[in-house]
Amino acid sequence: MRPPRFWSDPQARVFPWLLSPLSALVAACAVKRQKKAGWKAPVPVLCCGNLTTGGTGKTTVVLDLVARLKKRKIAVHALTRGYGGRIKTATQVDLARHSARDVGDEALLLAQQCPTWVGGDRAASAQAAVEAGAACLIMDDGFQNPGLHKDVSLLVVDGVVGLGNGHVLPSGPLRETPACAFVRASVVLLIGPDKTGFLAQYADLLPDVMRADLQTASEARVLKGARCIAFAGLGRPSKFFDGLRQAGVNPVECLAFPDHYFYKDGDMNHLATLARQADAQLVTTPKDTVRFPPAFRKQLRTVGVGLVWQNEATPEALLDQLLSQRPA
């Protein structure tokens, strides 16, 4: 499902007002939920979360921080709910056995880089990871889940869309009020240009702020001048399409699908037909690629994104803070 348009319109009045009683209830439940004490793991726990529904780039951030921890020789494990997957109990992702329908697309991407656990009970996943040798845990999402104590919480905000209309579900895209979220956050990471005035609007509430930008991976270079059809099922597919154009790739057509969309046989036939008729290469994201059967992946060119920090010292300082939370 795609979010309603009024979620991204700060000037919207009618629908947010009509839905305000439900939003007040959601906000109150979020506050009550946070009063529960979570299990405190014997290893440092970093949570990369967000305030809004949909994608803000959390998994890209997690992958970046995982790489930095691995460079420090830290045995890092990732925890994720496994959104869209069938497995609901604490399970380590097995790339040879699990598909996106089992564990979700994000879990497969994370498992390519470090041991990854899925499951709705974050404490159970954390306990299993620690027993398996984890010396540090990174949560992909789960900021609103109180089951596991977080030593450091990083809130990711997409600079292009900010916090939408600023209202809590269902009046807007927020999972809780900004005031409640920012007081629990260690730091906010703003990705991309601040096109909505987020920093000025919430200046009095914000903790420390870090800045970064998304950069299309080098795989895009070989596509310059080639005929391409780009498609993506993300929270904001336009990020992928814009990134390709900035890298010098100009698709002849761009197709947007819902976030975490599981492509059906009809979709694959349609994509293959479009590519054949246009004599073009199908181009998509790593998150989309893992949702296809291996046979169809051969028809795809995958182009990922990486994170470029405006101050390279800030993520390292964040990890220093994280690792200082527990004795060596």
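The values are calculated or read from the model by the stated rules, or taken from the named source; none is laboratory data. No experiment lies behind these values; they were computed from the predicted model shown. Cβ atoms come from the backbone with ideal geometry, glycine included; neighbour counts cover every protein chain shown. Remember, those area values only see protein heavy atoms, side chains included, never the ligands or the DNA or RNA. Shrake-Rupley method; radii C 1.70, N 1.55, O 1.52, S 1.80 Å.
For segment 1-23, which residues satisfy the criterion of being over 26 Å from the mean Cα position of the chain (by Cα) and of a type in the set (G, A, S)?
The answer is A12, S20.
How many residues are over 14 Å from P3 (Cβ atoms) and open to solvent by less than 10 Å² (accessible area, probe 1.4 Å) if we restrict to segment 163-184?
Count: 3.
Which one is farthest from the chain's Cα centre (by Cα) among residues in segment 205-224 that are modelled with pLDDT of 90 or more and part of a loop (DSSP other than H, G, I, E, B)?
K224
Would you mention how many residues in segment 240-279 are in contact (Cβ under 8 Å) with a residue 60 or more places away in the chain and not in a helix (DSSP H, G or I)? Outline the logic, then answer.
First, the residues of segment 240-279 that are in contact (Cβ under 8 Å) with a residue 60 or more places away in the chain: 240, 243, 258-260, 262.
With the extra rule that they be not in a helix (DSSP H, G or I), the set shrinks to 258-260, 262.
Final tally of qualifying residues: 4.
What's the total number of residues in segment 290-301 that are free of Cβ contacts under 8 Å to residues at least 24 places away in the same chain and more than 15 Å from L255 (Cβ to Cβ)?
Counting residues in segment 290-301 that are free of Cβ contacts under 8 Å to residues at least 24 places away in the same chain and more than 15 Å from L255 (Cβ to Cβ) gives 5.
If the requirement is being closer than 20 Å to Q325 by Cα and touching a residue at least 12 places away in the same chain (Cβ under 8 Å), which of these qualifies: A107, A100, A41?
Details: A107 fails: closer than 20 Å to Q325 by Cα; A100 fails: closer than 20 Å to Q325 by Cα.
Result: A41 is the single residue among A107, A100, A41 that is closer than 20 Å to Q325 by Cα and touching a residue at least 12 places away in the same chain (Cβ under 8 Å).
With (1) exposed (fewer than 13 other Cβ atoms within 10 Å of the Cβ); (2) closer than 26 Å to L322 by Cβ as the list, and P21 as the residue in question, which single condition is left unmet?
(2)
Can you name the condition, by its number, that L282 falls short on among (1) open to solvent by less than 20 Å² (accessible area, probe 1.4 Å); (2) in a loop (DSSP other than H, G, I, E, B)?
(2) is the only condition that L282 fails.
Within segment 113-162, take every residue that is of a type in the set (S, T, N, Q) and in a loop (DSSP other than H, G, I, E, B) and give me the one that is surrounded by the fewest Cβ atoms within 10 Å (Cβ to Cβ).
Per the criteria, the residue is Q113.
Which ones in segment 65-103 are assigned to a helix (DSSP H, G or I) and surrounded by 18 or more Cβ atoms within 10 Å (Cβ to Cβ)?
Passing the criteria: L65, V66, L69, A100, D102, V103.
Would you confirm whether or not segment 222-238 contains a residue that is surrounded by fewer than 16 Cβ atoms within 10 Å (Cβ to Cβ), under 27 Å from P10 (Cβ atoms) and out of contact with any strand residue (DSSP E or B) (no Cβ under 6 Å at 6 or more places or on another chain)?
Checked against the condition, which is being surrounded by fewer than 16 Cβ atoms within 10 Å (Cβ to Cβ), under 27 Å from P10 (Cβ atoms) and out of contact with any strand residue (DSSP E or B) (no Cβ under 6 Å at 6 or more places or on another chain), segment 222-238 yields at least one hit.
Among the candidates V303, V308, which residue alone is open to solvent by 50 Å² or more (accessible area, probe 1.4 Å) and in contact with a strand residue (DSSP E or B) (Cβ under 8 Å, 6 or more places away or on another chain)?
Unique residue meeting the criteria: V308.
I'm trying to understand the selection: among the residues of segment 40-58, which are open to solvent by 80 Å² or more (accessible area, probe 1.4 Å) and either touching a strand residue (DSSP E or B) at 6+ places or on another chain (Cβ under 6 Å) or closer than 17 Å to L319 by Cα (or both)?
Of all residues in segment 40-58, those open to solvent by 80 Å² or more (accessible area, probe 1.4 Å) come to 40, 42.
If the condition is that a residue be open to solvent by 80 Å² or more (accessible area, probe 1.4 Å) and either touching a strand residue (DSSP E or B) at 6+ places or on another chain (Cβ under 6 Å) or closer than 17 Å to L319 by Cα (or both), then P42 is the only one that fits.
Here is a list of conditions, (1) at pLDDT 95 or above; (2) outside any loop (DSSP other than H, G, I, E, B); (3) over 22 Å from A295 (Cα atoms), and I229 meets all of them except one; can you say which number that is?
Against the list (1) at pLDDT 95 or above; (2) outside any loop (DSSP other than H, G, I, E, B); (3) over 22 Å from A295 (Cα atoms), I229 comes up short only on (3).
Being more than 30 Å from W7 (Cβ to Cβ) and either part of a loop (DSSP other than H, G, I, E, B) or among the charged types (D, E, K, R) (or both) is the filter here; which residues of segment 40-57 pass it? Write out each step before concluding.
The initial filter retains those residues of segment 40-57 that are more than 30 Å from W7 (Cβ to Cβ), namely 40-45.
Selection gives K40, A41, P42, V43, P44.
Given K36, K32, which one is open to solvent by 60 Å² or more (accessible area, probe 1.4 Å) and either in a helix (DSSP H, G or I) or among the β-branched types (V, I, T) (or both)?
K32
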